[in-house]
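Report on the structure given below.
The values are calculated or read from the model by the stated rules, or taken from the named source; none is laboratory data. What you are looking at is a predicted structure, and each value in this text was computed from that prediction instead of being measured. No Cβ is skipped: glycine too gets one built from the backbone with ideal geometry, and neighbour counts run over all protein chains shown.
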Amino acid sequence: MNYVLAWFARNNVAANLLMMTIIVGGLLMISRLKVEIFPEFETDIVIITVPYLGAAPAEVEEAVCVRVEEAIQDLDGIKKLSSTASEGVGRIQVEVDPDADARTLLHDLKSRVDAIDTFPEETEKPVIQEIIFRRQVIDVAVAGRLDEPSMKRLAEEIREDLLSQPEISHVNLASVRPYEISIEVSEAALRRYGLTFSEVVGAVRNSSLDLPGGSVKTPGGEILLRSKGQALVGAEFDRIVLRSRSDGTRLLLSHVARVVDGFAETDVFSRFDGKPAALVKVFRVGNENILDVSGAVHRYVAARQAELPDGVELITWQDQSRLLESRLDLMIRNGQLGFLLVFLCLALFLRIRLAFWVALGIVICFLGTFWMMPLVGASINMLSLFAFIMVLGIVVDDAIIAGENIYAHQERGVEPATAARMGVQGIAKPITFAVLTTIVAFMPMFFVEGLMGKFFEIFPIVIILMLLFSLIESLLILPTHLRHGQPKKKENPLPRTFLLVRPFYLVLFYADKWLYELQDNVARHLRRFVDGVYVPLLKKALSWRYLTLSIGVGAIILTTGLVAGGILRFVFFPTVENEFVSAHLTLAEGTPAEVTDRYIGLIEESAVLLQRQVGDEIARDDPGSDTEVIRNIMAAIGEQPNAARAQQNAGGIVGSARSSHIGEVVLGLSPSETRNISGEEIVNRWRDLIGPIPDVVELSFTSSLFNAGEAINIELSSPDPEALLQATAELKGTVANYDGVMDVADDFRPGKQEIRLNVTPEGEALGITMAGLSRQVRQAFFGEEAQRIQRGRDDVRVMVRYPESERRSLGDMENMRIRTPTGIEVPFSLAAQAEMGRGYSSIRRTDRKRVITVTADVNDAVASSNDILSDLTSSYLPSLMARYPGLTYTLEGQQRNQQESIESLSFGFLVALLVIYGLLAIPFKSYVQPMIIMSVIPFGIVGAVLGHLIMGFAISLLSLFGIVALSGVVVNNSLVLVDFINRGRDRAGPDADLHEIIRNAGVARFRPVLLTSITTFAGLVPILMERSLQAQFLIPMAISLGFGVLFATAITLILVPICYYILEDGLAFLSSVRNRLSGQVLEPGEAAESPAS
């Protein structure tokens, strides 16, 4: 290694070529890097969706969910198996074990599900897909007073126009009903013509189709044969022949049925700022640039708006690129300011040449990391940019140490080129192991399990790449730039130069002179502080070393008490400020859409009132500011797209649930950097304005961009359904009694009323079976799918059923006729008996057992979800299980994510500490000295905790990430200090005064230790001082690292020498005891064994 270092130190061409290769590679890759708000990642979740249209949840559970679960439950690699049976669809969620191969399991799941041959005929083909954390780019709201067909046609035109843009490749429509052709045959028509639904369906299938017939090879060429009769629109279906008689007369479909070419019978519609609306959703695919996609949409909307009639608007909505640009601008601005502060710190302590080359090392590290990021699948996003800022002041540490050592040799009179070689060779080993220990400290983030581990995986990737390039720069590139020595101080302000150049020369001369004087003043004051404060303090501490160590241990105990006593709260994941907040409404199953619309209207009115109140307050308190905090209001009835997106972000089961009893209202806010009111505060005020709403099953709110799961999520299971319901009700009441708890709900809701049918004895005598009865009733009221046709981009169902007017009352069922196998028509009441009942809204299962989940949100300013759950699990839940035998519970949602993340992070941290110990023990050839070096880690944690108290932040998962990373950073200075003490002892010999050697090492390392700590903190100062709402969730990690490094600096300069001396005392005592036992006495002047041995 020394040969390589010496070769690069001598060969400036090789060093510069290496530097230029890194710079050019980085510059070329910057434009190719994927840009996004948060990184995309695979969630290790596979969703199996099986549509069973028209079926009740209980039927879906039995016919779909149970069969899929039993077919796949024994596959290796399944961590957890969950399912939800809803009306018309069953969804099974498979969580993949972290140690398993998701692709292999996905293939096995497809094989097992495809092998199931016992699904009912009415089920559709299962869809199996792995969930990818992916976000849409932008929505275009089409709003105006248009009828439904015109609105959808306009939305389709916009979709086609956007897809024609070269930057865009994926566009969907939302908040619109799908096309459907309904062939409506009345009971009277069926009886008049002696028809059955099956006959009508068969006629449509046999007549409406295109089939290839092969080809005829004639002498003139090959001619293709085709039968072409596929009907595509309602008028073409009217001409389908149902029956033909021998006299030439025909019975057409139009004679017996009304063909409605319209929309599916789902209750889905939306409003944008009070006007009917449809949404056009634009997505990014592959490596498409989110900014390019959004820019193309904005240009199109601006151009198309001029062509639209009055009263119709195109509004861009939920533009993720605007969020991306604001967050990237924030991170880049903080990074630039951090770089400037780091450079100023370097310029104050180091000569300008060294400061310049050290600062240039930051640029080289950045560009080298950009160069490598595409190779490891990393992207430019808010988290990766924050990782750059985090490590901004760390990557200069090894360059500072190397540069200081080179200049120290030059100041002793060594020839500059030789000094560069000797300086880098002398410090290469500690620098290399210091960087390796820092890398190891960041490694545990790779192994954090659960959603959080996937989300923050980008952190260690970026930081490790930066550290590796910093090692390359400090050992191979920096020495060749310092081999020319320090520039001589200029004495003559007016050399013989051209007259025009003299003013510029004077400016440079006096600026250089002023900088030299400033650096001399800083160095002089620093020496005065070292001689007048640090050295006497170190002498006192060495003399009273046991008392000093006791004070340090006391600080650790006090800090532990602050955390354990709850004075410093723990919040798993803080709110990530969003520019959209939403309210999600759920009413009783079966509620008509008109009633849901009325309740949604009340929520909209509250939003309009809040919009006016907030605007008036801003106009009064801050004239001239933007008063439009709430800019747009969008309401959806029949679906909850924003809630589904938040559920997907939290790793939950996601489906396109559409039902008349649900809806949501979304508020579009002004950019977070331009307002002083947070989304959470807006939600709290909105909730108060809405007040209690009667007959509401659930009303919940969302204000965070990223959802780590419900604050309280308790999943109950019991073999006794009644006991499960009672326990759920009791638990909800208890949870609601805690202060700060809101939006308490459970996922068990009574379903729609249902009529349960059975065949009467008279019907059985006529040959009517349960299958025949069920099929005829389904055909009449739900309809039978005759075929699906592809009409442009739309997949259109063709349904055969009763007219809508004959499906609106229970009396219509009494008027129905049931056909026997012989064709006899009998009244429904004679063939079937009906019993009223009520089923479930949905049925959830976990690991093949029915479960009910109780969820709630917690106001972090009032209470802690951890404290509430701790109280519940320690006393209430055990007593609840005692009252209901067989009842079990698990903690899900945020608590489960927290447990997985912290347990895996803690295990990784312990492994990292062991690896760091090994990395320190190898170069020092000692089992004990690594413990001295690592003794600063607990004190770094003390600094991190005190930093949270000073800054007023609760500890979060990001704080723990910072503390884990801190362990590798704080050992670097103590590593070099202990190395200097050992070298001093080697040079001085065994009879030297250890007290003096330790003191001299502390003085020699004071400036580098202080400078590396200051630069690390300076790089984090901008983010620590950031008041923008969008950066608040990242600050705890910066607090842990910044304040931990500052506090550990004092520990390194005081307690590390003390620990070294105490270890020496221990070794001297053991040596004395050994000598006494062997009959020898240690002479007073005889030195004890070095700790290195």
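Things to note:
- Among the residues of the range 1011-1049, the ones that are in a helix (DSSP H, G or I) and free of Cβ contacts under 8 Å to residues at least 40 places away in the same chain come to 1 in all.
- Some residue of the range 380-397 being modelled with pLDDT under 85, closer than 30 Å to residue 286 by Cα, among the aromatic types (Phe, Trp, Tyr) and part of a loop (DSSP other than H, G, I, E, B): no
- Unique match (being of a type outside the set (D, E, K, R), under 30 Å from residue 327 (Cα atoms) and over 31 Å from the mean Cα position of the chain (by Cα)) among 60, 64, 24: 24
- Enumerated strands (runs of 3 or more DSSP E) restricted to the range 799-882, each holding at least 3 residues that are within 27 Å of residue 662 (Cα to Cα) and not acidic (Asp, Glu): 832-840, 842-846, 849-858
- Residue 695 being surrounded by fewer than 16 Cβ atoms within 10 Å (Cβ to Cβ) and either of a type in the set (S, T, N, Q) or in contact (Cβ under 8 Å) with a residue 60 or more places away in the chain (or both): yes
- Candidates in the range 840-861 are the residues that are out of contact with any Lys or Arg (no Cβ under 7 Å at 6 or more places or on another chain) and at pLDDT below 80; of these, the one that is surrounded by the most Cβ atoms within 10 Å (Cβ to Cβ) is 840.
- Members of the range 67-106 that are in a helix (DSSP H, G or I) and under 31 Å from the mean Cα position of the chain (by Cα): 68, 69, 72, 102, 103, 104, 105, 106
- Within the set 961, 953, the sole residue that is at pLDDT below 90, crowded, with 24+ Cβ neighbours inside 10 Å, within 28 Å of the chain's Cα centre (by Cα) and of a type in the set (Phe, Trp, Tyr) turns out to be 961.
- Only a single item in (1) within 29 Å of the chain's Cα centre (by Cα); (2) not in a helix (DSSP H, G or I) is not met by residue 413, and it is number (1).
- Positions within the range 711-726 being surrounded by fewer than 24 Cβ atoms within 10 Å (Cβ to Cβ), in contact (Cβ under 8 Å) with a residue 24 or more places away in the chain and not polar (S, T, N, Q), in sequence order: 715, 719, 720, 721, 723, 724, 725
- Scanning the range 186-226 for residues that are farther than 20 Å from residue 799 by Cβ and β-branched (Val, Ile, Thr) returns 216, 218, 223.
- Members of the range 74-110 found to be polar (S, T, N, Q) and under 29 Å from residue 658 (Cα atoms), listed by number: 82, 83, 84, 86, 93
- Residue within the range 596-610 that is among the aliphatic types (A, V, I, L, M), buried (at least 18 other Cβ atoms within 10 Å of the Cβ), at pLDDT 80 or above and under 20 Å from residue 136 (Cβ atoms) present: no
- Hits in the range 721-738 (condition: touching a helix residue (DSSP H, G or I) at 6+ places or on another chain (Cβ under 9 Å) and charged (D, E, K, R)): 730
- Hey, residue 257 modelled with pLDDT of 90 or more, of a type in the set (Gly, Ala, Ser) and within 20 Å of residue 794 (Cβ to Cβ) or not: no
- The one condition in (1) more than 26 Å from the chain's Cα centre (by Cα); (2) within 21 Å of residue 146 (Cα to Cα); (3) buried (at least 19 other Cβ atoms within 10 Å of the Cβ); (4) of a type in the set (A, V, I, L, M, F, W, C) that residue 317 fails to fulfil: (1)
- Pair list, Cβ < 9 Å and 6+ apart or interchain, from the range 21-32 residues that are over 12 Å from residue 363 (Cβ atoms) to residues that are surrounded by fewer than 14 Cβ atoms within 10 Å (Cβ to Cβ) and of a type in the set (S, T, N, Q): 32/287
- Matching residues in the range 1060-1093 - criterion: being at pLDDT below 75 and under 24 Å from residue 974 (Cβ atoms): 1087, 1088, 1089, 1090, 1091, 1092, 1093
- Extreme residue, modelled with the lowest pLDDT, among residues of the range 535-591 that are among the hydroxyl-bearing types (Ser, Thr, Tyr) and in contact with a strand residue (DSSP E or B) (Cβ under 8 Å, 6 or more places away or on another chain): 575
Here's the yes/no breakdown for (1) in a helix (DSSP H, G or I); (2) touching a Leu at 6+ places or on another chain (Cβ under 9 Å); (3) modelled with pLDDT under 90:
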position	(1), (2), (3)
4	yes, yes, yes
7	yes, no, yes
15	yes, yes, yes
32	no, no, yes
45	no, no, yes
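Residue by residue, here is whether (1) of a type in the set (Asp, Glu); (2) on the phi > 0 side of the Ramachandran plot; (3) assigned to a loop (DSSP other than H, G, I, E, B); (4) within 43 Å of the chain's Cα centre (by Cα) holds:
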site: 521; (1), (2), (3), (4): no, no, no, no
site: 527; (1), (2), (3), (4): no, no, no, no
site: 535; (1), (2), (3), (4): no, no, no, no
site: 538; (1), (2), (3), (4): no, no, no, no
site: 552; (1), (2), (3), (4): no, no, no, yes
site: 579; (1), (2), (3), (4): yes, no, no, yes
site: 600; (1), (2), (3), (4): no, no, no, yes
site: 605; (1), (2), (3), (4): yes, no, no, yes
site: 614; (1), (2), (3), (4): no, no, no, yes
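- Strands (runs of 3 or more DSSP E) fully within the range 122-209 counting 3 or more residues that are at pLDDT 90 or above: 136-143, 179-185
- Condition check for residue 988: surrounded by fewer than 24 Cβ atoms within 10 Å (Cβ to Cβ) and either of a type in the set (D, E, K, R) or at pLDDT below 80 (or both): yes
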